[in-house]
Amino acid sequence: MSAYIVRRLLYAIPILIGVNLITFVLFFVVNSPDDMARMQLGDKRVTEEAIQAWKADHGYDRPLLFNAEAEGLGALTDTIFFQKSVKLFALNFGTSDSGRDIGYDIRQRMWPSLAIALPVLLVGLAINISYALMIVFFRATYIDVGSVVLLVAMMSISGLFYIISGQFLIGKLFHLVPISGYDIGLEAFKFLILPVIVGVVSGIGTGTRLYRTFFLEEINRDYVRTARAKGLRERIVLFRHVLKNALIPILTGVVAVLPLLFMGALITESFFGIPGLGSYTIDAINRQDFSIVRAMVFLGSVLYILGLILTDISYTMVDPRVRLS
Amino acid sequence: MPVILTTDALIFLLIAVALGYGVYASQHEHLRAPWRSVARSRVGVAALVVIGFYVLIGVLDSMHFHPRIEPVTTGEAAAPAQTDAERSGPGDAAAAPTEARYSTQVLSVLDVILTGLRERQEKTFSAPFATHLFVKEPIEQPDGSIVRGYPPLEHGGAHLKDPSRRGFDIAVRTVLGAIKGMLVWMALTAGLVWLVAHARGEDFNDGANAIWQGRTEVPWRVLLIALAAMLVLSFVAAELAAGYHILGTDKVGEDVFYQSLKSIRTGLVIGTLTTLVMLPAAVILGIMAGYFRGITDDVIQYLYTTLNSIPGVLLIAAAILMLQVYMTNNADQFASLVERADLRLLFLCIILGVTSWTGLCRLLRGESLKLREQDYVQAASALGVRHGTIITRHILPNVLHIVMITVVLDFSGLVLAEAVLSYVNIGVDPTMNSWGNMINSARLELAREPIVWWSLAAAFVFMFTLVLAANLFADVVRDAFDPRLARVT
C-alpha cells in the first residue's frame, strides 16, 4: 500500500507541472511582463527604467519559457516559468505582486474558509442522509413522490437565489443576523450562521437525491432480502444493513472533497464578505495578481490530487474487497 | 440582409445534428425504444412542451439580420433609435449609399415580433403593471409650479383614460388573451386529434375519446394540458404586454419581460453549445484511451487529470480575462458590439466545455475498456477489421447512451453556472441579455426601500421553469437510456 501511495505521489508531479504550465501560458499569452509592470505601477506615464526595475525586483526579467542565450540546462531553468514554479513545489508561495507574503495570507484566510465549509459539510451531510433515509423508508408513497418533486425543484433554483433570499429574509426582514462581514474570535459566530444555513439549504436538493439513489441501490440487494426474510423489522433493516453499506459511497465521496474545503466557497464568501480563501482568489483575479492566482491554482491542484489519493485509501479501509495495486 | 453570428451558425449546426440523430435513431430499434419510453412518460412529455416553447423563442432569437433603412431624402442617414444605439456598433455606417441601405444594427426575428416591447422605454424603474414611475421626480404642473411626485409612464398604461380603471382593463385583457390562447389551442387540438384518430384508424370522436380518457400510448392528454397552459399564458402575457410593462422596467427603463425573453437564447446557447463543443474531444479521446490502452491511455489520462485538477472557476476566470485583454487590444477586429458579445459567449462555451469534458471522457474510457473485451470486438479484431472501423461500428454505438445521458444531464447545470459566472463578472458580456446579468444588476437594487424585486423575480421564474423542465426531462431520459436502472426496476 505504501508503494502505491508513493507511486501516486510521484505521479502527481507531472500533473502539477502541467497545471503550472497551463496557468502560466494562459496568463502570459496576452499579458506580457511589461503590461504587468505597467499595471502594478499604476501610472500611465511609467518610464522604461521603472518597468525594468519592477521586472528585476519581481523576477520577471528573464525569458518566459525558453532562454536561448543560456547554455545546456540553463536554457530551461533560467526562465520566468522555471524560477517561479520551482518554489511552489516546496509550498513556498513567495510574495504577491503587490508585495504581501502569500503563504502568510493563505494561512490567515484559511480559517474563515474552513469555519464555513466544515459546518456546511457536516450539517449538510447529517440533514441529507436523514432526509434520504426517511424518503427511502416511505418509498413508493406520496411522501416519496412529493419529496422527489421538492428535491428536483430545489435543485433547479440557482445558488444565487438562495444567497439573495437568505440575506433578504433572515438578515433584512427579521434582523436576526448581520447580512455580511466577519469578525475574529467568538464574535464570528453570528456572521457565520447565515452563510452556513444558505450553504446547507442550497445543497439539500442535489445531496439528498444522490443519497436516495445510493440507498435504493442497496435496498434491492440480496442481503437486504435475506434480512427481511429473517423477519427483521424495516427500521432495523434500514439502519443496520442499508445505511451501513450505503455509507461507503457517501463517505468516499466526502473524502474526495475534504481537502478542497480549504479552498473556500468563491461565491458565498464574496457575497457575505468573509475574508476567506475564496474571496482572496476572486480579488486576485480582479486585480490580475498573477502570483496569487498561480499559488491558488497550485494549492487547489495539490488538494485535488490529495483528495483522489485519500479516496483510494478510504476505499480499501471501508471495503476489504478493494485492493490497491 | 441576414447576419449569421458564430453562435447562430453553431445553433443551426446543432439543430442539423439533432435532426440527423433523430433520423438515425428512428432507423435503429435499440435507440428508438428508449425514446419511445420517454414519449410514454407523462412528466417527460409535459417537460418537453415547456422546453419546446423555450427552444422556439431561442431559435427565433437566433435569426439575425440588418434591418433595412427606408431611404431618407434629407441627406443624413436615419440614426438608429436611441434605444438601440448602445447595441449597434460604430461599424460600417457609410455602407453602400445606393438603393438598398441597411442599418448597422443587428436585430433578430424575435426583436421584430417584440418591437413594441423593445421600443416602449421608460425613464427608469417602474413596478409591474404600474402606470407611474417608481421614483419621484419633479413634475411641472399645468400652472407652471413644480411638484415632486411620481410622473406617469410614457407607455405603461398610457392607453388608460382613467387610471382607476386599470384593474378592469387588466381583467378584460386577461380574459381576451385567454380566449385567444384557447382558440389557438383548440385549432391545434383538432389537428392533433385528427392525426391520432387517423393513425389509430378510428373516426374523429373515438380518437378524441381515447385521448381524453388517457387510453393512448403516448400521453396526448398531458401534452394537450401542458400545451393549453403554455398557450394561454403566452397569449395573456402578450395581450397584457401590449398595454403594460407586465414585469416592470429596469434602471434604464427597459422592459423586464423583454429582457427575460431575450435571455432565453443566452441560456440555451450556454446549455447546448458547451456540450456540442466538448463532445468531439470527450468522445474521441475517451474511446481512444479505453480502446488503445497503453501509452495513449496514459497521455489522455494525464491530460484530463491535469485539466480536472485546476479549479474550474479559476480556469474560466483566467481565460475570460485573457479574452478581455485581447478584445481591448484588438477592438478594431469586431464590426459591432453584438459580434463582440457573441464571440465572448462562444468563448465562454468553449472554456466551460474544456472544464466539463473530463467527466464524460472518463466515463467513456471506462466503458470502452469493458467493451473492447467483448467477444464481438475480439472477433472483429481477429478477423483483421481496422481499428477505425471497430470503433465506429462496435464501440461508438454502444456508448451513445452514455453520451445522450450526459448531454441532457449537463444542460441544467450549465444554465445555472451562467448566472453564477456572470455574477463574478467572468460570464457573458455585460451588454448581453442574460439571466445572470439581470440578477447581477437587480442585486444592487435590493437595498432600495421599497425594494425593486421584479427583475430578480422575472429572472428567477424564467430560469427556474427552464431548469426544472430540463431536470425532469433529464431524469426521464436517464431512466429510459440507462440499462443499469432498467434491470433494477
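Only one of these is part of a helix (DSSP H, G or I) and either more than 26 Å from B:ILE351 (Cα to Cα) or without any contact (Cβ under 8 Å) to a residue 12 or more places away in the chain (or both): B:LEU414, B:LEU444. Name it.
B:LEU444
Could you count how many residues in the stretch B:185-217 are buried (at least 16 other Cβ atoms within 10 Å of the Cβ) and within 25 Å of B:VAL43 (Cβ to Cβ)? Steps first, answer last, please.
The initial filter retains those residues of the stretch B:185-217 that are buried (at least 16 other Cβ atoms within 10 Å of the Cβ), namely B:185, B:189, B:192-193, B:196-197, B:207-208, B:210-211, B:216.
With the extra rule that they be within 25 Å of B:VAL43 (Cβ to Cβ), the set shrinks to B:185, B:189, B:192-193, B:196, B:207-208, B:210-211, B:216.
The total comes to 10.
For B:LEU321, only one of the following conditions fails: (1) away from chain A (no Cβ under 14 Å); (2) modelled with pLDDT under 80. What is its number?
It fails just one condition, (1).
Whether any residue in the stretch A:96-109 is farther than 30 Å from B:GLU449 by Cβ and in contact with a strand residue (DSSP E or B) (Cβ under 8 Å, 6 or more places away or on another chain) is what I want to check.
At the first step, the residues of the stretch A:96-109 found to be farther than 30 Å from B:GLU449 by Cβ are A:96-109.
After this cut, where a residue has to be in contact with a strand residue (DSSP E or B) (Cβ under 8 Å, 6 or more places away or on another chain) as well, the list is A:101-102.
Scanning the stretch A:96-109, I find at least one residue that is farther than 30 Å from B:GLU449 by Cβ and in contact with a strand residue (DSSP E or B) (Cβ under 8 Å, 6 or more places away or on another chain), so the answer is yes.
Looking at A:THR206 and the list (1) surrounded by fewer than 19 Cβ atoms within 10 Å (Cβ to Cβ); (2) without any contact (Cβ under 8 Å) to a residue 40 or more places away in the chain; (3) within 14 Å of another protein chain (Cβ to nearest Cβ); (4) under 22 Å from A:VAL148 (Cβ atoms), which single condition is not satisfied?
Unmet condition: (2).
Take the stretch B:402-431 and flag every residue that is more than 9 Å from every other protein chain (Cβ to nearest Cβ) and over 20 Å from B:PHE464 (Cα atoms).
Hits for the stretch B:402-431 are B:ILE402, B:VAL403, B:MET404, B:ILE405, B:THR406, B:ASP429, B:PRO430, B:THR431.
Filter the stretch B:432-443 for residues that are within 11 Å of chain A (Cβ to nearest Cβ) and more than 14 Å from the chain's Cα centre (by Cα); which is surrounded by the most Cβ atoms within 10 Å (Cβ to Cβ)?
B:MET438
Which residue out of A:ILE197, A:ILE282 is within 30 Å of A:TYR182 (Cα to Cα), surrounded by 17 or more Cβ atoms within 10 Å (Cβ to Cβ) and away from chain B (no Cβ under 12 Å)?
Numbers: A:ILE282 fails: away from chain B (no Cβ under 12 Å).
The match here is A:ILE197.
Can you tell me how many residues in the stretch B:226-244 are within 21 Å of B:ILE51 (Cβ to Cβ) and in contact (Cβ under 8 Å) with a residue 24 or more places away in the chain? Step through it out loud before you land on a result.
Residues of the stretch B:226-244 within 21 Å of B:ILE51 (Cβ to Cβ): B:226-238.
Then keep just the ones that are in contact (Cβ under 8 Å) with a residue 24 or more places away in the chain; that gives B:226-228, B:230-238.
Total meeting the criteria: 12.
Please determine, by comparing only the residues of the stretch B:143-178 that are modelled with pLDDT under 80 and among the hydrophobic types (A, V, I, L, M, F, W, C), which one is surrounded by the most Cβ atoms within 10 Å (Cβ to Cβ).
Checking each candidate, the answer is B:LEU153.
Can you confirm whether B:TRP453 is farther than 22 Å from B:VAL49 by Cβ, among the aromatic types (Phe, Trp, Tyr) and within 14 Å of chain A (Cβ to nearest Cβ)? Explain how you work it out, then say what you get.
Details: farther than 22 Å from B:VAL49 by Cβ: yes; among the aromatic types (Phe, Trp, Tyr): yes; within 14 Å of chain A (Cβ to nearest Cβ): yes.
For B:TRP453, the condition - farther than 22 Å from B:VAL49 by Cβ, among the aromatic types (Phe, Trp, Tyr) and within 14 Å of chain A (Cβ to nearest Cβ) - is met.
Return the residue satisfying two criteria in turn: it lies in the stretch B:459-473 and is more than 7 Å from chain A (Cβ to nearest Cβ) and crowded, with 23+ Cβ neighbours inside 10 Å, and of such residues it is modelled with the lowest pLDDT. Give the steps one after another, and end with the answer.
Step one: of the stretch B:459-473, the residues more than 7 Å from chain A (Cβ to nearest Cβ) are B:459, B:461-462, B:465-466, B:469-470, B:473.
Within this subset, residues satisfying the condition of being crowded, with 23+ Cβ neighbours inside 10 Å are B:459, B:466, B:469-470, B:473.
Details: B:ALA459: 88, B:LEU466: 93, B:ALA469: 92, B:ALA470: 92, B:PHE473: 91.
Ranking the candidates gives B:ALA459 first.
Report whether or not B:VAL232 is modelled with pLDDT of 80 or more, surrounded by 19 or more Cβ atoms within 10 Å (Cβ to Cβ) and among the hydrophobic types (A, V, I, L, M, F, W, C). Full working, then the answer.
Working: modelled with pLDDT of 80 or more: yes; surrounded by 19 or more Cβ atoms within 10 Å (Cβ to Cβ): yes; among the hydrophobic types (A, V, I, L, M, F, W, C): yes.
Criteria met by B:VAL232.
Does the stretch A:211-220 include one or more residues that are away from chain B (no Cβ under 14 Å) and more than 13 Å from A:ALA132 (Cα to Cα)? Before you say what the answer is, go through the steps one by one.
If we filter the stretch A:211-220 for residues that are away from chain B (no Cβ under 14 Å), which is where we start, we get A:211.
Adding the requirement that they be more than 13 Å from A:ALA132 (Cα to Cα) leaves none.
No, the stretch A:211-220 contains no residue that is away from chain B (no Cβ under 14 Å) and more than 13 Å from A:ALA132 (Cα to Cα).
Mind telling me which of the residues A:LEU247, A:LEU260, A:LEU266, A:LEU277 ends up being of a type in the set (A, V, I, L, M), surrounded by fewer than 19 Cβ atoms within 10 Å (Cβ to Cβ) and under 16 Å from the mean Cα position of the chain (by Cα)?
Exactly one of A:LEU247, A:LEU260, A:LEU266, A:LEU277 is of a type in the set (A, V, I, L, M), surrounded by fewer than 19 Cβ atoms within 10 Å (Cβ to Cβ) and under 16 Å from the mean Cα position of the chain (by Cα), namely A:LEU260.
Please specify each residue of the stretch B:124-177 satisfying the condition of being more than 32 Å from the chain's Cα centre (by Cα), assigned to a helix (DSSP H, G or I) and of a type outside the set (Asp, Glu).
Passing the criteria: B:PRO163, B:SER164, B:ARG165, B:ARG166, B:GLY167, B:PHE168.
Anything in the stretch B:235-255 that is surrounded by fewer than 18 Cβ atoms within 10 Å (Cβ to Cβ) and either at pLDDT 85 or above or of a type in the set (A, V, I, L, M) (or both)? List them, or say none.
Pass one, the stretch B:235-255, residues surrounded by fewer than 18 Cβ atoms within 10 Å (Cβ to Cβ): B:237, B:242, B:251-252.
Within the stretch B:235-255, B:ALA237, B:ALA242, B:VAL252 meet the criteria.
The values are calculated or read from the model by the stated rules, or taken from the named source; none is laboratory data. In this text the structure is predicted, and so the values were computed from the model without any measurement. A quick note on method: Cβ atoms are made from the backbone with ideal geometry, for glycine too, and the neighbour counts reach across all protein chains shown.
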